[in-house]
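Enquirer: One structure is given below, represented as structure tokens, and several questions about it will come after.
The values are calculated or read from the model by the stated rules, or taken from the named source; none is laboratory data. Just so it is clear, the model here is predicted, and its values are computed rather than measured. We place every Cβ from the backbone using ideal geometry, glycine too, and count neighbours over all the protein chains shown.
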Amino acid sequence: MEKVYGVNKISYKVIEKNDHIELHVCHQNQDVIHLLEIHKNDPVYFLHHCASYKESSIRAKFHLSKVIEDYKDYFGENRVKIIFTNDKLIVKTISNKPNLYLDDVINQSLNTAKTNFQSSTDIFDSPDSLWDSVLANPVPLFLTASDNELLAVFDKKGFFLSKEAQAIYNKIKSLPHIYVARLESENAYYFGISNQRGGRWKRSHAYHLGGLAYEILGTKRDYDQDHSNWILHWFEQPLEIKHCGSKYCVRMKKRVVISFFVPEPEISKSKLEEIESALINLATKKGVILLNKRI
């Protein structure tokens, strides 16, 4: 027996077998494909997140929730074989081919901007397209403990970018760009922009990586940015600081990811601010948790 899910275009096809189901992924949403690839051997993960998928405005997640509801027992018993209809769509994990993975993600990030950003007015004509573009190809934000991907590592100077995020950041840090940090479960969003040389994610810059650590360690200065929202929504409460060798670590609620969007041709700071405001307004309409203090 076969069953398809999707409106106008098929997102998923389910084929029932004797003791399991085959879940064929037919859509091209890279974020959801990446999530499916990571947890393909642990289908019960998706059962635990079904409620959030059901409320999602992302069609690939919404239709996945319908699949899960129809085949709840299969997901609960890990009797789901996930099959990608186009292997080229799968984003490779860092442990497989790190150089290829990083190059692919960097190129995808830059190409997404090139193909979707045509003029300064286009972004307001298609807000959903803008949303999809800036959220495309996320990677882990923080460097984590080698034995636990939920323990973010930092020291008194600040947090560290993950290897994936650092590789992308090195390519685009001095270009005008937009970044979106959020939980991997697609909530608790922070939208930011940068048009300064070196960007805002340097460890030598107290703006984010440093400021977040200062807030956690109680060394925040009066002029440092307030990161209390990040701590409340991204990290387990009550906050518990642990020692990871010579460094500290804190546990995230879910993995925190980041995506970068580089408009081409380059645009002014005022235009970046317009895009940022449009994204914040769109996030507010979608009803997601927003960590930006100014709206």
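Enquirer: Can you confirm whether segment 48-60 contains a residue that is over 18 Å from ASN187 (Cβ atoms) and β-branched (Val, Ile, Thr)?
Expert: no
Enquirer: Is it the case that some residue within segment 226-234 is aromatic (Phe, Trp, Tyr) and assigned to a loop (DSSP other than H, G, I, E, B)?
Expert: no
Enquirer: Something else: Can you report the number of residues in segment 1-32 which are crowded, with 19+ Cβ neighbours inside 10 Å and either in a helix (DSSP H, G or I) or among the acidic types (Asp, Glu) (or both)?
Expert: 3
Enquirer: Given the structure, is LYS40 in a loop (DSSP other than H, G, I, E, B), in contact with a strand residue (DSSP E or B) (Cβ under 9 Å, 6 or more places away or on another chain) and surrounded by 14 or more Cβ atoms within 10 Å (Cβ to Cβ)?
Expert: Spelling it out, LYS40 is indeed in a loop (DSSP other than H, G, I, E, B), in contact with a strand residue (DSSP E or B) (Cβ under 9 Å, 6 or more places away or on another chain) and surrounded by 14 or more Cβ atoms within 10 Å (Cβ to Cβ).
Enquirer: Follow-up. What pairs come up if the first residue lies in segment 7-22 and is assigned by TED's automatic domain parsing to the domain that holds ALA60, the second is part of a strand (DSSP E or B) and of a type in the set (Phe, Trp, Tyr), and their beta carbons are under 7 Å apart, counting only those six or more places apart or on different chains?
Expert: Going by the 7 Å Cβ cut-off, the qualifying pairs are SER11/TYR5; TYR12/TYR5.
Enquirer: Pick from ARG200, ARG221: which is within 24 Å of the chain's Cα centre (by Cα), farther than 22 Å from LEU282 by Cα and in a loop (DSSP other than H, G, I, E, B)?
Expert: When all the criteria are applied, what remains is ARG200.
Enquirer: If a residue has to be assigned to a helix (DSSP H, G or I) and either in contact with a helix residue (DSSP H, G or I) (Cβ under 7 Å, 6 or more places away or on another chain) or free of Cβ contacts under 8 Å to residues at least 24 places away in the same chain (or both) to count, how many in segment 51-65 make the cut?
Expert: So the answer is 8.
Enquirer: In the list LEU175, LEU239, which residue meets the criterion of being in contact (Cβ under 8 Å) with a residue 40 or more places away in the chain, in a loop (DSSP other than H, G, I, E, B) and of a type outside the set (Ser, Thr, Tyr)?
Expert: LEU175
Enquirer: Which residue, of HIS48, HIS34, HIS27, is within 20 Å of the chain's Cα centre (by Cα), under 22 Å from ILE289 (Cβ atoms) and in contact (Cβ under 8 Å) with a residue 24 or more places away in the chain?
Expert: After ruling out the rest, the residue left standing is HIS34.
Enquirer: With the requirement that a residue be buried (at least 20 other Cβ atoms within 10 Å of the Cβ) and within 22 Å of ALA283 (Cβ to Cβ), what does segment 43-62 give you?
Expert: HIS49, TYR53, SER56, ALA60, LYS61
Enquirer: All but one of (1) modelled with pLDDT under 90; (2) crowded, with 18+ Cβ neighbours inside 10 Å; (3) over 25 Å from LYS171 (Cβ atoms) hold for GLY199, so report the exception by its number.
Expert: Here GLY199 clears every test but (3).
Enquirer: A follow-up question, please. What pairs come up if the first residue lies in segment 209-231 and is under 16 Å from TYR248 (Cα atoms), the second is among the hydroxyl-bearing types (Ser, Thr, Tyr) and modelled with pLDDT under 95, and their beta carbons are under 9 Å apart, counting only those six or more places apart or on different chains?
Expert: Matching pairs, first to second residue: GLY210/SER204; ALA213/THR219; GLU215/SER228.
Enquirer: Condition first: crowded, with 21+ Cβ neighbours inside 10 Å, more than 25 Å from LEU272 (Cβ to Cβ) and at pLDDT 95 or above. Can you find one or more residues in segment 76-87 that meet it?
Expert: Within segment 76-87, one or more residues are crowded, with 21+ Cβ neighbours inside 10 Å, more than 25 Å from LEU272 (Cβ to Cβ) and at pLDDT 95 or above.
Enquirer: Answer yes or no as to whether ASN137 is at pLDDT below 50, polar (S, T, N, Q) and in contact with a helix residue (DSSP H, G or I) (Cβ under 7 Å, 6 or more places away or on another chain).
Expert: No, not satisfied.
Enquirer: Just to be sure before I move on: is GLU236 under 20 Å from ALA145 (Cα atoms) and surrounded by fewer than 16 Cβ atoms within 10 Å (Cβ to Cβ) in the structure I sent?
Expert: Considered against the rule, which asks whether it is under 20 Å from ALA145 (Cα atoms) and surrounded by fewer than 16 Cβ atoms within 10 Å (Cβ to Cβ), GLU236 comes out as yes.
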